1. Starting from residues that are surrounded by 13 or more Cβ atoms within 10 Å (Cβ to Cβ) and of a type in the set (A, V, I, L, M, F, W, C), keep the ones in segment 94-106 and report whichever is modelled with the highest pLDDT.
2. Report yes if residue 123 is surrounded by 16 or more Cβ atoms within 10 Å (Cβ to Cβ), over 19 Å from residue 29 (Cβ atoms) and modelled with pLDDT of 95 or more, otherwise no.
3. Across segment 23-73, which residue is modelled with the lowest pLDDT among those that are small (Gly, Ala, Ser) and part of a loop (DSSP other than H, G, I, E, B)?
4. Is it the case, given these coordinates, that residue 51 is more than 23 Å from residue 135 (Cα to Cα) and touching a residue at least 12 places away in the same chain (Cβ under 8 Å)?
5. Among the candidates 51, 91, 30, single out the residue that is surrounded by fewer than 17 Cβ atoms within 10 Å (Cβ to Cβ) and closer than 22 Å to residue 167 by Cβ.
6. Pick from segment 10-22 the residues that are in contact with a strand residue (DSSP E or B) (Cβ under 8 Å, 6 or more places away or on another chain) and either assigned to a helix (DSSP H, G or I) or modelled with pLDDT of 95 or more (or both): which of them is surrounded by the most Cβ atoms within 10 Å (Cβ to Cβ)?
7. Considering only segment 71-125, state which residues are of a type in the set (D, E, K, R) and over 16 Å from the mean Cα position of the chain (by Cα).
8. Tell me the residue from 77, 109 that is out of contact with any helix residue (DSSP H, G or I) (no Cβ under 8 Å at 6 or more places or on another chain) and surrounded by 14 or more Cβ atoms within 10 Å (Cβ to Cβ), please.
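The values are calculated or read from the model by the stated rules, or taken from the named source; none is laboratory data. This one's a predicted model, so the numbers in the text were calculated from it and none came from an experiment. A quick note on method: Cβ atoms are made from the backbone with ideal geometry, for glycine too, and the neighbour counts reach across all protein chains shown.
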Amino acid sequence: MSSQTTATAKIRGSVGRRSSLLADRIEEGAALLADFAEGLSEEEWHAPVSATDRRSVGLIVHHVASMYPIEIDVARAIANGQAVTDVTWHAVAELNAKHAHEHADESKATALELLRRNSHEAANAVRMYTDEELDRATPFSLSFGAPVTAQFVIEDHALRHSWHHLARLRKALDR
């Protein structure tokens, strides 16, 4: 740990192995998605994901990359003991639609750079969580108001997101 990181850890409490493992898994999922996307042809990059999700494969890669800051902000709010009441499935659908409209033609290079940068920043943020912060639970509207932990939000969103979409993309492209 750098001296600044060590000093921050002493102020905030014990930054532990759990946060480091979570962060490593975020980076692992992003790397797998990036490796998959790098090998796609232009045709595959622009292929729709499914008959029901007409977004392109490339747009989904950009979508995953774009969501890391939001997912980490939600986890941070819960880690700080703040209930998250304004994140609903309707709001998520609106955000996804807006993203699809605004980023439909993003290049592979742009999407991959964003994926690498945002996943790295998300992982670094997660590495700073203490065990106490990971264990803190508050109501989360996306989970129907259930009090969930910051660790659950990290695992179910920032960590799982790349794995979830990678599986969907592999299925869409029969790979």
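1. By that ranking, first place goes to 95.
2. no
3. 51
4. No: the conditions fail for residue 51.
5. Unique residue meeting the criteria: 51.
6. 19
7. Those that are of a type in the set (D, E, K, R) and over 16 Å from the mean Cα position of the chain (by Cα): 86, 94, 98, 102, 105, 106, 108.
8. After applying the criteria, what remains is 77.
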